[in-house]
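Asks: Pasting a structure here, questions to come.
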Amino acid sequence: MSEIIVPQNFENKTADAVVIGGGIVGASTAFWLSKAGMSVILVEKRDGLSTLTTAASVECFRTQFTEKSMADLVLPSVEMFENFKDVVNIPDIDIGITQKGYLFVTDDPDMVPDLEKALKRYNELGVPGSELIIGDDLQKRFPFLAPQALAATFNNRDGWISTHETTYGFAKGSKNASFFTKTKVTGLQIDGKGICGVETDKGIIQTRLVVNCAGPYAGVIGKMAGIDIPLRTVRRQKAYIRTSYKNLPSDAPFTVDLVNHSYWRPEAGGVLCAWVNPDEPESAPADDIATDWDFAAESIHRASRLNPFFETVADNLKAEDIDISAGQYVYTLDDKPIIGPIDEIEGLYMNCGHWCGVMMSPAAGKRVADIATGKMNNKNNPLRYSRFKEGDFEKGDTFLK
């Protein structure tokens, strides 16, 4: 069974694998490596697991992807969320899985062909349950929408989870694994055979396998090994709106306005809402991300365009009813994560570059373990790091990426 500890200064620690980063991606990776029979140490510089980007997310997952490489990860991930008790072998765990769906909606008739194209692609990729809803049917099924809402894709298998419980579930379900918090990585050791150790502010861990799951800090870890990973970190904000509005559609799905990039979903005691600013500049990795004072107002304004109940919610809001938080998405050249080994340095693996780390974390961690143990050939891994130098990549057209 795993242990989550704050280690004192140590000498001569050894492990078959060291995972850097204690978010949901790192915890999943540690779980699957330990399940494969390895001794694992995960190091996290903060006070606890799931306290940086994982905690700042809207905690959602979806099956609606138009890229095969992404669908091949998210479909088994959703299945693992649905059967999480069996996956981690903890009968009483509750990750709060809520499957009310994702609704990608528009009032622009010129976008309807894009929805039709997406649905066709979902069917080609074997994404079950996706549907195109048009006109009166859309209003009947989702009466909270504005009358001008024209069409949407929907999959009721999509939804959200408690990322905190899921992250700690992976940790508690790990075998022969230790999770070191308040432990900062300061360097990577490399010899003629490749990776040989991880330097931390508490001591050195000797290992021949390191997995970089450091989220927005993945580029910093890469540079410790002389690797310049093509990553961009971008701020993403969200607002929690506390409201007692009696007609709040509490059974609504995660709803996305494809025209103005706003989205919202029900949350206990109110709603979460946000919008994606396509002009948000790249920012350096940071633990404390500043928020914009007007972000909640802008999010409510945008969401109210196709969800008019937000106007009533806004009329009765007080400052203390609003909580704005922020984290960072990490993007690669093709907006897809990097999973697997770095060819240039034996033993250095990546599981980073995620803007969708929560929803793909179970299968992404398993893929790392499968490649490390030879169950999967990295040449058959479309998210391998070498795809960039091989020119074997292109951006997809998944909604809200």
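Asks: Determine the gain in length on full extension of the stretch residue 112-residue 373; use 0.36 nm per residue of separation and subtract their C-alpha separation, reporting nm with one decimal.
Replies: The span from residue 112 to residue 373 would gain 89.5 nm if fully extended.
Asks: Can you give the extra length, in nm with one decimal, that the chain gains between residue 82 and residue 199 once fully stretched, where that is 0.36 nm per residue apart less the Cα-Cα distance? Display every interim value, and only then the final one.
Replies: On the way: separation 117, 0.36 × 117 = 42.12 nm, distance 3.76 nm.
Extra length available between residue 82 and residue 199 comes to 38.4 nm.
Asks: Calculated from DSSP H runs of 4 or more alone, at -39500 (n - 2.57) each and per residue, what is the 222 nm mean residue ellipticity of the chain, nearest 500?
Replies: Helix-only estimate at 222 nm: -7500 deg cm²/dmol.
Asks: How large are Rg and Dmax for the stretch 197-336 when calculated on the C-alpha trace, in angstrom?
Replies: Just the Cα atoms of the stretch 197-336 yield Rg and Dmax of 19.4, 59 Å.
Asks: Could you pull the Cα extents of the chain along its three principal axes, largest to smallest, in whole Å?
Replies: Taking the Cα atoms of the chain, the three principal extents are 66, 46, 43 Å.
Asks: In addition: Viscosity 1.306 mPa s, temperature 10 °C: give me the Stokes-Einstein translational D for the stretch 359-401 in µm²/s, with Rh taken as the Kirkwood radius over C-alpha pairs.
Replies: 133 µm²/s
Asks: Hey, what D do you get for the stretch 316-390 in µm²/s if you plug the Kirkwood alpha-carbon radius into Stokes-Einstein at 37 °C and 0.692 mPa s?
Replies: Details: Rh = 14.2 Å.
Approximately 231 µm²/s, per Stokes-Einstein.
Asks: Take the alpha carbon atoms of the stretch 259-401, find their radius of gyration, then divide it by 2.2 N^0.38 Å using N residues; give the quotient.
Replies: Normalised Rg, Cα atoms only: 1.35.
Asks: Kindly provide log₁₀ I(q)/I(0) values, in the same order as q = 0.12, 0.27 Å⁻¹, from the Debye equation applied to equal alpha-carbon scatterers of the stretch 1-60.
Replies: Debye curve over Cα of the stretch 1-60, log10 I(q)/I(0) at q = 0.12, 0.27 Å⁻¹: -0.31, -1.22.
Asks: Can you tell me the relative contact order of the stretch 175-278? Whole percent, Cα pairs under 8 Å, sequence separation 6 or more.
Replies: 16 percent
Asks: Can you give the local net charge around residue 270? Use residues other than it whose beta-carbon is closer than 11 angstrom to its beta-carbon, Lys and Arg +1, Asp and Glu -1.
Replies: After counting each charged neighbour, the total is -1.
Asks: A follow-up question, please. Cβ under 10 Å from residue 148's Cβ, residue 148 left aside: what net charge do those residues give with Lys, Arg +1 and Asp, Glu -1?
Replies: Net local charge, residue 148 excluded: -1.
Asks: A follow-up question, please. Counting pairwise Cα distances across the stretch 96-170, what percent come out greater than 20 angstrom?
Replies: 41 percent
Asks: If you don't mind, another one. When you have a sec, figure out the Kirkwood radius of the stretch 210-277 from all distinct Cα pair distances and drop it here in Å to one decimal?
Replies: In the stretch 210-277 this quantity evaluates to 15.0 Å.
Asks: Summing Lys, Arg as +1 and Asp, Glu as -1, what charge do residues with Cβ under 13 Å from the Cβ of residue 319 carry, residue 319 excluded? Don't skip to the answer; put the middle values down first.
Replies: Working: positive: 242, 318; negative: 294, 320, 321, 323.
My count for the surroundings of residue 319 gives -2.
Asks: Same structure again: How many nm separate the modelled label positions at residue 140 and residue 3, each set 7 Å beyond the Cα in the direction of the Cβ?
Replies: My value for the distance between the label points is 6.1 nm.
Asks: How far apart, in nm, are the 7 Å Cα→Cβ label points at residue 206 and residue 386?
Replies: Taking the simple label geometry, residue 206 and residue 386 are separated by 3.0 nm.
Asks: Now, a different point. Going by Cα centres, the stretch 152-229 and the stretch 101-128 are how many Å apart?
Replies: 35 Å
Asks: Among the DSSP beta bridges whose two residues both lie in the chain, what percent are antiparallel, rounded to the nearest 5?
Replies: Details: 50 of 73 bridges.
Here the share of antiparallel DSSP bridges comes out near 70 percent.
Asks: Using a simple charge model, +1 on the beta-carbon of Lys and Arg, -1 on the beta-carbon of Asp and Glu, nothing else, what dipole does the chain show about its Cα centre, in debye to the nearest 20?
Replies: So the magnitude is around 1020 debye.
Asks: Label points 7 Å out from Cα along the Cβ direction at residue 189 and residue 291: separation in nm?
Replies: 4.3 nm
Asks: Sort 22-30, 260-268, 119-127, 42-50 by packing, meaning the average of other beta carbons within 10 Å per residue, with the highest value first.
Replies: Highest-to-lowest ranking by the protection proxy: 22-30, 42-50, 260-268, 119-127.
Asks: Same structure, new question: Projected area of the stretch 1-133, taken from the Cα convex hull and averaged over every viewing direction, in nm²?
Replies: Values: hull surface 43.8 nm².
Hull-based average projected area comes out at 11.0 nm².
Only the coordinates and a few stated rules stand behind these numbers; no lab work does. What you see is a predicted model, and the numbers here were worked out from it, not measured in a lab. Every residue, glycine among them, receives a Cβ derived from its backbone with ideal geometry; neighbour counts consider all protein chains shown.
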